[in-house]
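Bear in mind these aren't lab numbers, they're just calculated from the coordinates by the rules spelled out. Just so you know, these numbers come straight off a predicted model, no measurement behind them. For neighbour counting, all protein chains shown are included, and Cβ atoms are generated from backbone atoms with ideal geometry for every residue, glycine included.
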Amino acid sequence: MFVLSILLLIAAIVAFFIGRARAEGGWKLGAALSAVAGLLAGVFACVHVVTAYEVGVPVTFGKIGKPLTSGIHFKSPFTDVTAFSTRPVDLNLYDKDVVEVRSSQGGVLYADVTIKWAVVPAKSVELYRLAGSEEAVQERLVLPDSREIIRNVFAQHTSEEGYASAREQISAEIAALVKERLAPRGIDVTAVNLRNVKPSEKLQEQIDKKIQQEQDTQRATEAARTAKAEAERKRIEAEGIARANKIIDRSLSDKVLYNQCLEAFKEASRANPVYAVPCGTGADGTPVIVDGTKN
């Protein structure tokens with residue numbers, strides 16, 4: 001803008017002298033318009049507007065000035081202002097930028113992470129010295145430090161913890177370490193979201209094999225438990241039958257058998273004409289009942 005102002009003023013001077021030499025009003029009018037435009041361009045070159053949610057770092061001939069907050073500021077036309085956004089910026093690590101990590105067991109996993117960060121206005125000058133621009137801050141500071149911390153945290157956990165049981169804990173550990181690392185540099189990390197963790201193909205095969213082995217073990221254990229229970233049931237049943245036989249054996253005396261013989265004779269005589277040989281007169285000592293209807 002300042003260079004344009006100079007060019008317009010030079011054009012105004014040239015047009016003025018040409019119009020004066022030729023005594024033509026058109027050249028003089030052009031010279032006046034060029035002079036006004038040059039002055040306006042010069043004024044704009046000395047004014048800089050810092051928008052809301054930004055902070056500006058002025059640099060004049062290599063010398064860094066104090067940070068410029070949002071609003072209108074007057075500066076030297078030779079001063080360049082580098083703007084940094086104070087709003088949270090998303091650093092998305094997924095797809096081609098996904099973080100490849102290794103667990104404490106050596107398994108390879110892929111972590112999708114989103115890191116929200118913002119520039120601390122009071123630290124904008126230090127960040128300018130470290131990086132030079134907002135894009136460079138992310139590429140040179142936030143990105144490499146975050147990747148390093150993510151890998152280090154996953155390396156302290158097993159594969160199963162990484163993709164399943166301890167994801168919230170891992171996310172919290174990453175967030176705490178990233179904030180601790182970047183805060184002294186003037187970068188405020190507002191959130192770290194561990195969105196997804198995917199095992200590599202080789203690790204997934206190992207996981208599937210382990211699950212299959214666990215299922216086989218569970219089935220074998222259940223079959224052994226069922227067989228043991230069935231054997232115990234049969235043992236108890238056999239012991240019960242044996243005890244019952246012993247009780248019966250002890251209770252079957254001659255008098256009991258004789259009494260059962262008489263009861264059987266009474267039942268038979270009610271329904272059929274029979275005659276009876278006195279109980280216990282058979283060859284083997286058992287009662288004999290004869291049907292009288294038969295010859």
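For the range 150-198, filtered to residues that are under 24 Å from Glu126 (Cα atoms), charged (D, E, K, R) and part of a helix (DSSP H, G or I), the residue that is nearest to the chain's Cα centre (by Cα) is Lys179. For Glu134, the conditions (1) under 15 Å from Glu180 (Cα atoms); (2) in contact (Cβ under 8 Å) with a residue 24 or more places away in the chain; (3) not hydrophobic (A, V, I, L, M, F, W, C) all hold with the exception of (1). Checked against the criterion of being under 29 Å from Ala52 (Cβ atoms) and either touching a strand residue (DSSP E or B) at 6+ places or on another chain (Cβ under 8 Å) or among the charged types (D, E, K, R) (or both), the candidates Val108, Val101, Val119 yield just one match: Val119.
Restricting to the range 135-150, and then to whatever is within 19 Å of Leu194 (Cα to Cα) and of a type outside the set (A, V, I, L, M, F, W, C), can you tell me which residue is surrounded by the fewest Cβ atoms within 10 Å (Cβ to Cβ)? Looking at residues that are within 19 Å of Leu194 (Cα to Cα) and of a type outside the set (A, V, I, L, M, F, W, C), I get Pro144.
Set side by side, the residues Val113, Val189, Val153 differ, and just one is surrounded by 16 or more Cβ atoms within 10 Å (Cβ to Cβ), under 30 Å from Val57 (Cα atoms) and among the β-branched types (Val, Ile, Thr), which is Val189.
For the range 128-139, does any single residue satisfy the condition of being within 18 Å of Pro88 (Cα to Cα), assigned to a helix (DSSP H, G or I) and of a type in the set (Phe, Trp, Tyr)? Yes, the range 128-139 contains a residue that is within 18 Å of Pro88 (Cα to Cα), assigned to a helix (DSSP H, G or I) and of a type in the set (Phe, Trp, Tyr). Pairs are defined by a Cβ separation below 7 Å, a sequence spacing of at least 6 or placement on different chains, a first member in the range 148-171 that is without any contact (Cβ under 8 Å) to a residue 40 or more places away in the chain, and a second member that is assigned to a loop (DSSP other than H, G, I, E, B); the pairs so defined are Ala166/His157; Ile170/His157. Scanning the range 88-116 for residues that are charged (D, E, K, R) and not in a strand (DSSP E or B) yields Asp95, Lys96, Asp97. Only residues that are closer than 23 Å to Val55 by Cα and among the acidic types (Asp, Glu) were counted in the range 78-98, giving 2.
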